[in-house]
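The block underneath contains the structure these notes are about, expressed in structure tokens.
Every read-out reported here was derived from the displayed coordinates using simple, explicitly stated rules and does not represent laboratory data. The model shown is predicted, which means the values in this text are computed figures rather than measured ones. When we count neighbours, we look across all protein chains shown, and the Cβ atoms used for this are built from the backbone with ideal geometry, even at glycine.
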């Protein structure tokens, strides 16, 4: 009886082989490969290396399709030896193996499986051939045979083997040779050696075998492979490594989570970005390391961006500090924060562009009060000291606040805000008077993405174009838009690279000083909530923000101690890897010796935009006597919570008024000596500076609001500025 069953089975197979000749529903190899989807969406860098992976299939782990040429020959040989020794000699069904299986069954022995690699592949392609139980039914087995015969008619042996290696389940949820190699041995399939290949091949048949059984199977397969089989010690070590790997997961590449969230959307499983894996890793590690160093000063968050100047392509994008962050899912590159003094270069660029100032123009760093809609605005420098007359070069390089506020008065708030919008600052949406003069010191909200690109516009000679995270692939880009002349951009960059002029505030040695040419600026917002460092060399612009997403203040952390060390590490890496050069002066700039009156600053060689050399009248050299405080037409309200008679306001004049005297409401208040304090009386008052000959040199009117007391009289005395100011800006460097 058994004989006739076996004979019938072989005859049936011959009939099925004939039927397979007209099989028309087998998919092509190209269709199967095109339908393959990895279980992780991959963000690739500019060189095709993965920089981030996101799990999209919760049931199986698969990597990208692996071509047969990218599989170790040792692994291909081991799989064929284990699963289908006569793979290259049959046409989908191994009749010899089936006959042997039937013979063992006829003699009452356990029948071994006779499925070929082609038959196993056919089962993965057709759900109707799935088990549905411990063994396939006769109908499912016949369907599998027919499918295997049809596959062999349409596909080459190499295509069948390649598809099999990608679709077979190796262990647990791991599917495909790429995932199995990476899970078990941390390698790409082309790096698998002989011992590892045998263990991987053995795991196909026995994915859940224990160590001893797996070693036994591996040794047996090694004997089958012959003289080139590795020694047993190597096989045992390979088994140990394979079983030590987690069966459910493997470590993902996780260098750019915020970029992955932006680009891996709408079922996009693979996206090649402009990031560079090496630059991304260095930026991430530098940020993490330096934030850890200052974490005891209440610093938890930060962000870094690296941009190629010539293309606008983003080479690194670190949106947060990872496990140190208070809010790891917030993207610090795109978050709106106050930039502090980091906006000053664009203010001075507009002043130079309009020929209102030159780097040698003198500005007053003296007490200043400006009446604005929100009250009296009194800017202060970082160290709360005043330096008198300073050049525009020193004012920008050393980030002095009062000269910047005076400069915005020259340029005009609307002109400044128009420039900032043209530079791509999307957070600046109001008119200039909404921000007031404090815009010069960073009162608006900006993104690190926009700030870095604005600095890049200086690096590219005054040209603006948007940043990109995805290579355009040769598509035509919009031409760049000119914001400043090349001459203006060069002069601003030269000032930002001037270590000597920067030393007034920062000293000569700090994290802004590089061993190569670079231009850089820091910024710290009010109460040390944010600090920034943005700068560039000839090839790259690097921007860094450090702070807290919660808005909490840092403790004694400024741009020079928070963001600048991160910036320096990244810039040094870029220089060591790619190099850099000093910029050549463009047409339209000249150099000439600048000399300053009363030895304000030492004479020096200075760059000028052609036509603004010192032989022309220079703005702001005038030192006529002027009242600096109070501002003309200001309205000052007395504080009802402070007893009348215990409040004071300051009268301040510039250095040119040292020989004059004060009069208040035509009454003599004595000579101008430092700051004069006066107990205010409600009403309208007139304050004057009177020269030695009795002539009025300057005059302002102001109003005091508050309850009057008939017994109160105004008094004066010398002293410091009062600590209670109506609107003091202590925006930092």
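A compact table of results
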item: Burial order of peptide ranges 254-260, 207-213 (average beta-carbon count within 10 Å, highest first); result: 254-260, 207-213
item: Chain lengthening between residue 515 and residue 220 when straightened (0.36 nm per residue, less Cα-Cα); result: 100.0 nm
item: Chain lengthening between residue 34 and residue 326 when straightened (0.36 nm per residue, less Cα-Cα); result: 100.9 nm
item: Peptide ranges 690-699, 574-583, 72-81, 410-419 listed from the most packed, as the mean C-beta count within 10 angstrom indicates; result: 72-81, 410-419, 574-583, 690-699
item: The stretch 536-585: mean projected area of Cα convex hull, nm²; result: 4.6
item: Ordering of 524-532, 38-46 by packing [mean C-beta count within 10 Å, highest first]; result: 524-532, 38-46
item: Extension gain (nm, one decimal) between residue 431 and residue 639, 0.36 nm per residue minus Cα-Cα; result: 71.8 nm
item: Coordinate range along principal axes, alpha carbons of the stretch 301-609, Å, largest first; result: 55, 45, 38
